[in-house]
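Trainee: Okay, handing you the structure first.
Coordinate-derived values only; no laboratory data. This structure is a prediction, so every number in the text was calculated from the model and none was measured. All Cβ positions, even for glycine, are placed from backbone atoms using ideal geometry, and neighbour counts span all protein chains on display.
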Amino acid sequence: MSAFVVIGGQWGDEGKGRMVDLLAQDATVVARYSAGDNAGHTIINHLGKFALHLVPAGIFYPEKICLIGNGVVINPAVLLDEIQQLESRGVSTKHLYVSDRAHVLMPYHTLIDELEEDARGDAALETTRRGVGPAFVDKVARTGIRMADFIEPDALRARLEQVLPQKNMLLERMYGSPPLDLEKLYADSVEYACKLKPFVRDISTFVHDALDRGEQVLLEGAQGTLLDLDAGTYPYVTSSTPPPLAAGAAIGVGIGPTQIDRVIGVYKAYMTRVGAGPMPTELANETGDILRRQGPAPEFGATTGRPRRCGWFDAVASRYSVRVNGVTSAALTRLDVLDNFPTIELCTAYELDGERVDSFPATISVLERVKPVFEEVTGWQESTAGVRRFGDLPPNAQAYVKRIEELLGCPIEIVSVGPEREQVIIR
Ligand code: GDP
Ligand code: IMO
Ligand code: MG
């Protein structure tokens, strides 16, 4: 057996969490491989409704090993709170481990994220303001603090003495903001470190051992392809390194790419985006508002509560993401949200100055100018929420899924028709 990856094929929030909660059944190890608590993965199962930011969505199976990989940046306060909340609701975190190579998201990262966003004014990226971007900047700049050092008081102190003066200079001189006190930051950090230490391991050994035993390892992505530093709508992207792309999964848990044999791309049956940046099929009108509010889980961010921008399915962007991830099969989520529409539009290409565009442009000004070329599909106007077999979907809904499959160029093996674990059709 080998590892398989679940990635977001659009701008995040495609329903990766609910897919991991479902697919974790087949794995013995579930590992998050990138990003930080900017991610918000909603899960609804027999234990209730949960919004996870750092803990992998395999946590609801008490016997599975859940790992937070070296590719994730960890805010200790957020992780400890998430663990405590899970435990208080009867979800065991006994088999949760955190990579000793993961970087720690420090209080100055959150401050800098806020200050940078405020300073950008009208050009704000509309980040989640969780400090994730600045934490990855420090990782790349070699001024980060890794979990292995964070949990050793002497190493932590030495690192803070080196890094904090730089951060304070930035806070004070660039932003006129008060500096952080070394002693307080150190004392708070040591307190968190004591609580986190029992979780910290070389997590790659769990992954290698499971693979050696012939078991399946599920690698859980965060965010989406179009938010990726390389593939996405730069600069309106997130800063994760390793990237949210499938290629980042191997790096983010310490295995080689040859150990991954399947990539499951999660796509919504339409598009959403939260934060700034181009979105060719956006419906900034009443139809967009209907998409946002339709169904049992309206489109408001799990991390920030912000309304998500909504629009019709964009096959240009989604096909591009199938390619850059090497997606082997797709999961189509939130089909039920389209249940009441008499007609649905599908964007099959873009048009720019009278020319047809079939590939996803790199230039932001071009993405802002392209006009979607729509194909009209007749709706089904019938509830799909209770359907569990593909053949039982209304014929127009089947046709919609098959048309998207054709446009993506890869099989759609899973269709979800509601937010609950069981509301799914496996083809
Ligand atoms: P993630 O970040 O990719 O894990 O996605 P989020 O959890 O941020 O956003 C997906 C939202 O859609 C959540 O509120 C889910 O509960 C919900 N959801 C997932 N699948 C379905 C579905 O098939 N139908 C409906 N109506 N909601 C769904
Ligand atoms: P999940 O895992 C949707 C977006 C932010 C912003 C941009 C940069 O739940 O799909 P950041 O805080 O990362 O520096 O913000 O990226 N963003 C997400 N949007 N889902 C996510 O994660 C996101 N993570 C970051 O809204 O536009
Ligand atoms: Mg989300």
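Trainee: So the label point goes 7 Å from the Cα of Arg323 along Cα→C-beta, right? Which residues of segment 260-274 then have their backbone N under 19 Å from it?
Mentor: Only 263-267 pass the distance filter.
Trainee: Take Asp154 and Cys194, extend 7 Å from each Cα along the Cα→Cβ direction, and tell me the distance between the two endpoints in nm.
Mentor: That separation, rounded to one decimal, is 2.0 nm.
Trainee: For segment 25-41, just list the computed ³J(HN,Hα) in residue order, Karplus coefficients 6.51, -1.76 and 1.60, θ = phi - 60°, integers in Hz, with x standing in for Gly and Pro.
Mentor: Karplus-based 3J(HN,Hα) across segment 25-41 equals 3, 8, 10, 9, 10, 10, 10, 7, 10, 7, 6, x, 7, 5, 6, x, 10 Hz.
Trainee: Between Asp212 and Asp81, what is 0.36 nm times their sequence separation minus the Cα-Cα distance? Round to one decimal in nm.
Mentor: Contour length minus Cα-Cα distance gives 43.8 nm.
Trainee: Another one. Suppose R0 equals 41 Å; then what is the FRET efficiency for Gln162 and Lys49 from their Cβ-Cβ distance, rounded to the nearest 0.05? Could the numbers behind the result be given before it?
Mentor: Numbers: r = 43 Å, r/R0 = 1.04.
So, using R0 = 41 Å, E works out to roughly 0.45.
Trainee: For the chain, what does the equivalent ellipsoid look like in terms of its semi-axes, each the square root of 5 times an eigenvalue of the Cα gyration tensor, given largest first in whole Å?
Mentor: Those come to 36, 26, 18 Å.
Trainee: Using a Förster distance of 35 angstrom, determine the FRET efficiency expected from the C-beta separation of Thr343 and Ser92, and round it to 0.05.
Mentor: About 0.15, to the nearest 0.05.
Trainee: Shifting gears a bit: Towards the positive end of the charge dipole of the chain, with charges on Cβ (+1 Lys, Arg; -1 Asp, Glu), say which of Tyr61, Leu47, Ile7 has the farthest Cα.
Mentor: Tyr61
Trainee: Right, something else. Quick one: Debye curve from the C-alpha atoms of segment 296-427, no solvent, what's log10 I(q)/I(0) at q = 0.09, 0.12, 0.13, 0.20 Å⁻¹?
Mentor: Treating every Cα as an identical point scatterer, log10 I(q)/I(0) equals -0.29, -0.53, -0.62, -1.30.
Trainee: Quick one: plug the Kirkwood hydrodynamic radius of segment 103-196 (C-alpha pairs) into Stokes-Einstein at 25 °C, 0.890 mPa s, and report D in µm²/s.
Mentor: The calculation lands on 178 µm²/s.
Trainee: So for the pair Lys371, Lys402, with labels modelled 7 Å out along Cα→Cβ, what separation do we get in nm?
Mentor: 3.2 nm
Trainee: Rounded to the nearest 5, what is the percent of antiparallel bridges among the DSSP beta bridges in the chain?
Mentor: 40 percent
Trainee: Right, another one. Subtracting the Cα-Cα distance from 0.36 nm times the residue separation, let me have the gained length for Asp392 to Ala187 in nm, one decimal.
Mentor: 67.8 nm
Trainee: If you filter segment 282-391 for trypsin sites (Lys or Arg not before Pro), then keep DSSP loop positions with at most 16 other Cβ within 10 Å, what is left?
Mentor: Of the trypsin sites (Lys or Arg not before Pro), the ones in loops of segment 282-391 whose Cβ has at most 16 other Cβ atoms within 10 Å are Arg388, Arg389.
Trainee: Using the crude model of +1 on Lys and Arg Cβ and -1 on Asp and Glu Cβ, and no other charge, please compute the dipole size for the chain relative to its Cα centre, in debye to 20.
Mentor: 500 debye
Trainee: Let me ask another. Helix-derived [θ] at 222 nm for the chain: sum -39500 (n - 2.57) over DSSP H runs of at least 4, divide by residue count, nearest 500?
Mentor: Computed mean residue ellipticity for the chain: -9500 deg cm²/dmol.
Trainee: Can I ask one more? Work out from phi, with θ = phi - 60° and the Karplus expression 6.51 cos²θ - 1.76 cosθ + 1.60, the ³J(HN,Hα) of each residue of segment 72-85, listed in order in whole Hz, and give x for Gly and Pro.
Mentor: 8, 9, 10, 8, x, 5, 5, 5, 5, 5, 5, 4, 5, 5
Trainee: Hey, in the GNM for the chain with a 10 angstrom Cα cutoff, which one of Ser88, Ser359, Ser416 fluctuates hardest?
Mentor: Ser88
Trainee: Strictly over 26 Å apart at the Cα level, which of Lys139/Lys184; Lys64/Lys139; Lys139/Lys197; Lys49/Lys184; Lys139/Lys268 would you flag in this model? Could you put the intermediate results ahead of the total?
Mentor: On the way: Lys139/Lys184 23 Å; Lys64/Lys139 30 Å; Lys139/Lys197 21 Å; Lys49/Lys184 36 Å; Lys139/Lys268 32 Å.
The answer is Lys64/Lys139; Lys49/Lys184; Lys139/Lys268.
Trainee: How would Tyr192, Tyr97 line up from fewest to most surrounding beta-carbon atoms within 10 angstrom? All intermediate terms of the calculation are to be shown ahead of the outcome.
Mentor: On the way: Tyr192 18, Tyr97 21.
Going from least to most buried by this count: Tyr192, Tyr97.
Trainee: Additional query: Given R₀ = 35 Å, FRET efficiency for Ala119-Asp202 by Cβ-Cβ distance, to 0.05?
Mentor: Numbers: r = 39 Å, r/R0 = 1.12.
After rounding to 0.05, the efficiency reads 0.35.
Trainee: Please rank Phe206, Phe374, Phe136, fewest neighbouring Cβ atoms within 10 Å first, as an exposure proxy.
Mentor: Details: Phe206 22, Phe374 15, Phe136 25.
The order, fewest Cβ neighbours first, is Phe374, Phe206, Phe136.
Trainee: For the residue pair Thr287 and Thr363, what label-to-label distance in nm results when each label sits 7 Å from Cα along the Cα-to-beta-carbon direction?
Mentor: Modelled inter-label distance: 2.8 nm.
Trainee: Another one. Which order results if Asp202, Asp100, Asp118, Asp21 are arranged by neighbouring Cβ count within 10 Å, fewest first?
Mentor: Asp118, Asp202, Asp100, Asp21
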